[in-house]
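Reading through the structure tokens given below for one structure.
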Amino acid sequence: MGVTARMARVGFVAVLLLISACHKGPAAIDRGRLLAASKHPQQWLTTGGDFGKTHYSGLAAIDAASVSRLGYAWGFDTDTDRGLEATPIVVDGVMYTSGVAGRAYGLDARSGKLIWRFEPKVDPRVHRATCCDQVNRGVAVWRGRVYVAALDGVLYALDAATGKVAWRADTIVDHTRGYSSTGAPEIAGDVVVIGNAGGEFDTRGYITAYDLKTGRQAWRFFTAPGDPHGPRDHPDLAIAERTWDPASRWDIGGGGNVWDGMVYDPQLDLLYVATGNGEVYARAQRSPKGGDNLFLSSLLAIRPKTGRLAWYYQETPGDQWDYDSDAPILLTTLGIAGRQRQVLLHAPKNGFFYVLDRATGELLSARPYVPVTWARGVDAKTGRPAPNPDADYTTGAKLVFPSPVGGHVWNPMAFSPRTGLIYLPAIEGGAVMYAKPDPQRRAGRVNTGAAILLPDSPEQFAALPKSAQGAVSPAALAGAPDLHRRAYLRAWDPVAQRTVWQVPTIGWWDHAGVLATGGDLVFQGSGDGHLRAYDARTGRLLKDIDTGSSIIAAPMTYAVDGVQYVAVMAAAGGGLWYLPHPQNAAYKYGNQGRILVFRLDGAATPKPPPLAPVEPIAAPPTQTASAAVIERGRTLFEANCTLCHVNMPRTGSADLTRLSEGSHAAFDDILLGGLLKEQGMPQWSDVLTKDDAHAIHAYIIKLSQDAYRAQQRKAAPVREVRQGGG
Ligand code: CA
């Protein structure tokens, strides 16, 4: 074959490739493309980039030498003000992602131009059943469709070209219980799989698989057994039943919810699933005779064709510290003891970093990546942790590390095959926990049955209830890790099992997701609105962009027409979303959701306009209720309202000490009538009476009057008092 003929042939092949690319249509992700993801780093095919969800891209145009030129390319306003946690997917120049309560977006990845927007109509009952904001952690994209789960647990298959609904499936077994969905669906072979949240409420966790084409249910796998007196829902629950007291609190549900980590491995045809904490929290109350309580706080490998268990590994047997194992699962290959191993890497809330052989579930290593006291280590042979009796709060309040906030939660970690390092948002610190007596199930509401206190100073120890003081006695504190809560971006060597470098974040609540790139950069956003790029080998800060929007999600990167972009979704929220953080950008600029995209030689990032100063509290209405009614209102308020309302300005929820005259007048219509249910304020008429509403209103008026008086005192001019006669 001559040179000309060869060139003609190359041209012919190129034309063929072009034709096949055109025929692929939108959102053309399939098994072949997923397996070849590392060869096409311009794409970002899953929320974690590749099938192993490594949050790594081989793109290297932006590197240590060029990153100083990184600037704003485009932005997109989601018109929402709750947290944004998703990592977008980009395929063939189109970005797909999710937003508040399961909204979804299709955007031109070059310009940010909106192609379509999907806004599910969410069952407002779910607003009472969410612990951690109305967030969503992403879409799944597969063969022309985009899959997203709405907050109320309805799974949608959307046409990737138009955003129109192809099918929908209600995935929730009982809407009167505290179920919600916040995780991304996972494509596993011919099915799409989705779990749910609710481990603080009254739910029994499970995942459900649906046929990709039709939405027909294929199988369901419960992660905790049901009452043994009833029928067994799944044959593999026989393994789990042996690890629970038959007299367990089946009425409360058990927990084990799969609200985040799921990864499908097309090489081994296994779906890896991470399960949540036990409910109620204290095992002595949940399963009085003890036991491991499978499959709480575990990793499961499930065959997607049958829904049958291939293997399981429980990270926190008999969990009682809210140690969800839901953190993202990461698949890669590591050289361990001279052998290449297909591994699963996991850093759950319980503080141990796990390396497992993902074909068999064999534990390869488990080493604390933050201070840990609930266990004294993990036996490498048996895979079992050695429990520390000093962390068991069955007989009284105990100090435990990590706190139930966890050493690491949902914020994605990244793995660079170039450095061999994991980049992990890690949280240090402990908590005091104790069980409340005899938990009664409260339908659809929080049922943890335990108190979590996060003291980190002697002043806060003094404020603990008397019954919890022993947990922070000098004897208890002697030898305990540093109580002071803090967070780090930590580079962790998963083979040597040690920290290589770390950078502190602005506070313990600040632990955003991470991206690693072939340019040997690590990107992480921050609550204070800064997107920072670090040297992947040393942790040296190389670039800092002040965006004016708080960031908790993980950045991602992609390329279109040879230009590399870095994108991140920005808005504060998630767990503890209702607490004000004055250091957060959201406190200064508000919390309008944005997708922010950067490129080399981009512009300055436009910041949102700063918020107007907080208005003074207006004079509240006159109190007409008796002291007894106000006290009853306080009890009701603390049982039902404090999960969201901390009554401070600029938090995620309304400051009730600043209610307008109109809101006071419409109080019953809002609380009992559901006047604001579309805005996220639940309707309470099924659990609260008119008398209850009256008592709660009286207590809110008391709070308002107290706050108003404190404000007036502060505002009163200081008069100089002269001594002696005048
Ligand atoms: Ca939990």
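Residues checked against (1) of a type in the set (Phe, Trp, Tyr); (2) away from the ligand (no atom under 16 Å from the Cβ); (3) buried (at least 23 other Cβ atoms within 10 Å of the Cβ); (4) part of a strand (DSSP E or B):
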site: 334; (1), (2), (3), (4): no, yes, no, yes
site: 343; (1), (2), (3), (4): no, yes, yes, yes
site: 349; (1), (2), (3), (4): no, no, yes, no
site: 353; (1), (2), (3), (4): yes, yes, yes, yes
site: 365; (1), (2), (3), (4): no, yes, no, yes
site: 370; (1), (2), (3), (4): no, yes, yes, no
site: 381; (1), (2), (3), (4): no, yes, no, no
site: 411; (1), (2), (3), (4): no, no, yes, no
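Go through 264, 272 for me and flag whichever is in contact with a Gly (Cβ under 9 Å, 6 or more places away or on another chain), open to solvent by 10 Å² or more (accessible area, probe 1.4 Å) and modelled with pLDDT of 95 or more. Step through it out loud before you land on a result.
Working: 272 fails: open to solvent by 10 Å² or more (accessible area, probe 1.4 Å).
Just a single option satisfies the conditions, and that option is 264.
If you check 561, 546, 601, 528, which single one turns out to be open to solvent by 20 Å² or more (accessible area, probe 1.4 Å) and either modelled with pLDDT under 95 or over 25 Å from residue 109 (Cα atoms) (or both)?
On the way: 561 fails: either modelled with pLDDT under 95 or over 25 Å from residue 109 (Cα atoms) (or both); 546 fails: either modelled with pLDDT under 95 or over 25 Å from residue 109 (Cα atoms) (or both); 601 fails: either modelled with pLDDT under 95 or over 25 Å from residue 109 (Cα atoms) (or both).
Being open to solvent by 20 Å² or more (accessible area, probe 1.4 Å) and either modelled with pLDDT under 95 or over 25 Å from residue 109 (Cα atoms) (or both) holds for just one of 561, 546, 601, 528, which is 528.
Before we move on, is residue 578 among the hydroxyl-bearing types (Ser, Thr, Tyr) and within 19 Å of residue 588 (Cα to Cα)? Don't jump to the end; show me each part of the working.
On the way: among the hydroxyl-bearing types (Ser, Thr, Tyr): yes; within 19 Å of residue 588 (Cα to Cα): yes.
Against the criterion (among the hydroxyl-bearing types (Ser, Thr, Tyr) and within 19 Å of residue 588 (Cα to Cα)), residue 578 qualifies.
For residues that are open to solvent by 10 Å² or more (accessible area, probe 1.4 Å) and either on the phi > 0 side of the Ramachandran plot or part of a strand (DSSP E or B) (or both), tally how many sit in region 206-216.
Here the count works out to 2.
Across region 217-243, what is the number of residues that are more than 16 Å from the ligand (Cβ to nearest atom) and assigned to a loop (DSSP other than H, G, I, E, B)?
Initially, region 217-243 is screened for residues more than 16 Å from the ligand (Cβ to nearest atom), giving 217-222, 225-243.
From what is left, the residues that are assigned to a loop (DSSP other than H, G, I, E, B) are 225-236, 242-243.
Result for region 217-243: 14.
Identify, please: which residue in region 109-122 is without any contact (Cβ under 8 Å) to a residue 60 or more places away in the chain and open to solvent by less than 40 Å² (accessible area, probe 1.4 Å) and is, among those, farthest from the ligand (Cβ to nearest atom)? Explain how you work it out, then say what you get.
From region 109-122, those without any contact (Cβ under 8 Å) to a residue 60 or more places away in the chain are 111, 113-122; that's our starting set.
After this cut, where a residue has to be open to solvent by less than 40 Å² (accessible area, probe 1.4 Å) as well, the list is 116, 118, 120, 122.
Numbers: 116: 34, 118: 28, 120: 24, 122: 22 Å.
Ranking the candidates gives 116 first.
Would it be correct to say that residue 301 is more than 16 Å from the ligand (Cβ to nearest atom), part of a strand (DSSP E or B), in contact with a Lys or Arg (Cβ under 9 Å, 6 or more places away or on another chain) and open to solvent by 10 Å² or more (accessible area, probe 1.4 Å)? Break it down into steps so the answer makes sense when it comes.
On the way: more than 16 Å from the ligand (Cβ to nearest atom): yes; part of a strand (DSSP E or B): yes; in contact with a Lys or Arg (Cβ under 9 Å, 6 or more places away or on another chain): yes; open to solvent by 10 Å² or more (accessible area, probe 1.4 Å): no.
Spelling it out, it is not the case that residue 301 is more than 16 Å from the ligand (Cβ to nearest atom), part of a strand (DSSP E or B), in contact with a Lys or Arg (Cβ under 9 Å, 6 or more places away or on another chain) and open to solvent by 10 Å² or more (accessible area, probe 1.4 Å).
Provide a single number: the residues in region 162-202 that are within 16 Å of the ligand (Cβ to nearest atom) and not acidic (Asp, Glu). Before the answer, list the steps.
Applying the first criterion (within 16 Å of the ligand (Cβ to nearest atom)) to region 162-202 yields 177-183, 195-202.
Add one more test, that the residue is not acidic (Asp, Glu), and what stays is 177-183, 195-199, 201.
Going through region 162-202 one residue at a time, the tally reaches 13.
Could you tell me whether any residue of region 250-260 is in a strand (DSSP E or B) and either within 14 Å of the ligand (Cβ to nearest atom) or surrounded by fewer than 24 Cβ atoms within 10 Å (Cβ to Cβ) (or both)?
Filtering region 250-260 for residues in a strand (DSSP E or B) gives 254-255.
Of the ones still in play, those that are also either within 14 Å of the ligand (Cβ to nearest atom) or surrounded by fewer than 24 Cβ atoms within 10 Å (Cβ to Cβ) (or both) are 254-255.
Yes, region 250-260 contains a residue that is in a strand (DSSP E or B) and either within 14 Å of the ligand (Cβ to nearest atom) or surrounded by fewer than 24 Cβ atoms within 10 Å (Cβ to Cβ) (or both).
List pairs: first residue in region 276-292 and more than 19 Å from residue 437 (Cβ to Cβ) and without any contact (Cβ under 8 Å) to a residue 24 or more places away in the chain, second residue more than 15 Å from the ligand (Cβ to nearest atom) and not hydroxyl-bearing (Ser, Thr, Tyr) anywhere in the structure, Cβ distance under 9 angstrom, at least six positions apart or on different chains.
No pair meets every condition.
Tell me yes or no: at least one residue of region 691-704 is in a loop (DSSP other than H, G, I, E, B) and among the aromatic types (Phe, Trp, Tyr).
Applying the first criterion (in a loop (DSSP other than H, G, I, E, B)) to region 691-704 yields none.
No, there is no match, as no residue in region 691-704 is in a loop (DSSP other than H, G, I, E, B) and among the aromatic types (Phe, Trp, Tyr).
Tally up the residues in region 169-190 that are in contact with a Phe, Trp or Tyr (Cβ under 6 Å, 6 or more places away or on another chain) and within 17 Å of residue 143 (Cα to Cα), please.
4
Residue 87 is checked against (1) at pLDDT below 95; (2) of a type in the set (Ser, Thr, Tyr); (3) open to solvent by less than 10 Å² (accessible area, probe 1.4 Å) and fails just one. What number does that condition carry?
Result: residue 87 fails condition (1) only.
If I ask for residues that are surrounded by fewer than 24 Cβ atoms within 10 Å (Cβ to Cβ) and either within 16 Å of the ligand (Cβ to nearest atom) or among the charged types (D, E, K, R) (or both), which ones from region 123-144 would you list?
Of everything in region 123-144, those that are surrounded by fewer than 24 Cβ atoms within 10 Å (Cβ to Cβ) and either within 16 Å of the ligand (Cβ to nearest atom) or among the charged types (D, E, K, R) (or both) turn out to be 123, 125, 128, 131, 132, 143.
Determine whether residue 96 is touching a Lys or Arg at 6+ places or on another chain (Cβ under 6 Å), open to solvent by less than 10 Å² (accessible area, probe 1.4 Å) and either of a type in the set (A, V, I, L, M) or more than 16 Å from the ligand (Cβ to nearest atom) (or both). Before you say what the answer is, go through the steps one by one.
Details: touching a Lys or Arg at 6+ places or on another chain (Cβ under 6 Å): no; open to solvent by less than 10 Å² (accessible area, probe 1.4 Å): yes; either of a type in the set (A, V, I, L, M) or more than 16 Å from the ligand (Cβ to nearest atom) (or both): yes.
No: the conditions fail for residue 96.
Within region 31-70, how many residues are touching a residue at least 60 places away in the same chain (Cβ under 8 Å) and surrounded by 15 or more Cβ atoms within 10 Å (Cβ to Cβ)?
The qualifying residues number 27.
Restricting to region 305-328, name every residue that is farther than 18 Å from residue 196 by Cβ and away from the ligand (no atom under 15 Å from the Cβ).
305, 306, 308, 309, 310, 311, 312, 313, 314, 317, 318
Looking at 642, 651, 635 in this structure, which one is closer than 22 Å to residue 124 by Cβ, of a type in the set (Val, Ile, Thr) and surrounded by fewer than 16 Cβ atoms within 10 Å (Cβ to Cβ)? First the steps, then the outcome.
Numbers: 651 fails: surrounded by fewer than 16 Cβ atoms within 10 Å (Cβ to Cβ); 635 fails: closer than 22 Å to residue 124 by Cβ.
Just one listed residue meets the conditions, 642.
Restrict the check to region 448-456 and report whether at least one residue is over 16 Å from residue 282 (Cβ atoms), modelled with pLDDT of 90 or more and open to solvent by less than 20 Å² (accessible area, probe 1.4 Å).
Checking region 448-456: not a single residue is over 16 Å from residue 282 (Cβ atoms), modelled with pLDDT of 90 or more and open to solvent by less than 20 Å² (accessible area, probe 1.4 Å).
Looking only at region 564-587, count how many residues are in contact (Cβ under 8 Å) with a residue 24 or more places away in the chain, open to solvent by 40 Å² or more (accessible area, probe 1.4 Å) and over 19 Å from the mean Cα position of the chain (by Cα). Steps first, answer last, please.
First, the residues of region 564-587 that are in contact (Cβ under 8 Å) with a residue 24 or more places away in the chain: 564-581, 583-587.
Add one more test, that the residue is open to solvent by 40 Å² or more (accessible area, probe 1.4 Å), and what stays is 575-576, 579, 583, 587.
Next, only the ones that are over 19 Å from the mean Cα position of the chain (by Cα) stay: 583, 587.
Residues in region 564-587 being in contact (Cβ under 8 Å) with a residue 24 or more places away in the chain, open to solvent by 40 Å² or more (accessible area, probe 1.4 Å) and over 19 Å from the mean Cα position of the chain (by Cα): 2 in total.
Right, residue 514: open to solvent by less than 30 Å² (accessible area, probe 1.4 Å) and in contact with a strand residue (DSSP E or B) (Cβ under 9 Å, 6 or more places away or on another chain) or not?
Criteria met by residue 514.
Give region 89-119 a look and list any residue that's out of contact with any Asp or Glu (no Cβ under 8 Å at 6 or more places or on another chain) and basic (Lys, Arg), or say none.
Residues satisfying the conditions are 113, 117.
For residue 617, work out the one condition from (1) at pLDDT below 95; (2) in contact with a Lys or Arg (Cβ under 9 Å, 6 or more places away or on another chain); (3) open to solvent by 70 Å² or more (accessible area, probe 1.4 Å) it doesn't fulfil.
(3)
The values are calculated or read from the model by the stated rules, or taken from the named source; none is laboratory data. All values reported here derive from a predicted model rather than from experimental measurement. Neighbour counts run over all protein chains shown; Cβ positions are idealised from the backbone, glycine included. The protein model used for the area step is the full one, side chains on, heavy atoms only, and it has no ligands, DNA or RNA in it. Shrake-Rupley method; radii C 1.70, N 1.55, O 1.52, S 1.80 Å.
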